[in-house]
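Okay, so here's the structure we're looking at.
The values are calculated or read from the model by the stated rules, or taken from the named source; none is laboratory data. What you are looking at is a predicted structure, and each value in this text was computed from that prediction instead of being measured. FYI the Cβ positions are ideal-geometry reconstructions off the backbone, even for glycines, and counts take in every protein chain you see. Just so you know, the surface numbers come from the protein's heavy atoms only, side chains and all, with ligands and any DNA or RNA stripped out. Shrake-Rupley method; radii C 1.70, N 1.55, O 1.52, S 1.80 Å.
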Amino acid sequence: MAKTVTKDIMLASASEANAPPFSVTVGETTSQTFPKGWLVQNLGTGYVTGISSDTPTAILGLAEQDAHNLSTATAQDISVSIANATTVFSANVLESSLTDHVLAQSDLLTTMAIQCETSSTPNKIDLSASTTAGANCRVFTLRTTQGTDIGDTNGRVLFVFLPNFAQSMGTS
């Protein structure tokens, strides 16, 4: 029976080796207010910052805790699950306008764009079923998560980041 899946934050779910996701603790740059489950990047400073658009050129990984909103860049540790070849993440799939989407078989084993949902509390990052090809795609979907079935509204899927956008794997 089809159901509506609760919208939730993006999560680092596992590694392809059935081990916990690989994470690092790093410092954050100034004035960061991103929530747990937000994508972060390193802009060459050695500190992380939250992504600010649906099409970041580099994704370091997923924040495992809320940012600290610091007045100066510091080595204040924040845990980040690294976007690499083996870390598997999960997120809800919505339409590009952040409206409801009924999960279809064709939503699996395909590329998708990410989309920042900043109108909710906490802010979330979802996948866009409307953008499955082209330069805006950042992820490759794998399968449904436990508790989600094809036909569910706003279903969650497991995915990996495309190598050219995973900061630890990107090309130079």
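Computed values, structure above
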read-out	value
Tally of residues being part of a strand (DSSP E or B) and surrounded by fewer than 19 Cβ atoms within 10 Å (Cβ to Cβ) across the stretch 89-111	2
Residue check for S13: open to solvent by less than 30 Å² (accessible area, probe 1.4 Å) and assigned to a strand (DSSP E or B)	no
Residues of the stretch 112-154 that turn out to be of a type in the set (K, R) and open to solvent by less than 60 Å² (accessible area, probe 1.4 Å), as a count	2
Checking A83 against (1) open to solvent by 10 Å² or more (accessible area, probe 1.4 Å); (2) under 17 Å from the mean Cα position of the chain (by Cα); (3) hydrophobic (A, V, I, L, M, F, W, C), the condition it does not meet	(1)
Selected residue (criterion: farthest from T131 (Cα to Cα)) from residues of the stretch 45-55 that are modelled with pLDDT of 90 or more, open to solvent by 50 Å² or more (accessible area, probe 1.4 Å) and polar (S, T, N, Q)	S52
Subset of the stretch 27-44 that is more than 16 Å from the chain's Cα centre (by Cα) and in a loop (DSSP other than H, G, I, E, B) - its residue that is surrounded by the fewest Cβ atoms within 10 Å (Cβ to Cβ)	G44
Residues of the stretch 1-22 classified as modelled with pLDDT of 90 or more and among the polar types (S, T, N, Q), total	3
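Table: residues versus (1) basic (K, R); (2) over 29 Å from D149 (Cα atoms); (3) under 16 Å from the mean Cα position of the chain (by Cα).
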site: K3; (1), (2), (3): yes, no, no
site: D66; (1), (2), (3): no, yes, yes
site: I78; (1), (2), (3): no, yes, no
site: L94; (1), (2), (3): no, no, yes
site: D100; (1), (2), (3): no, no, no
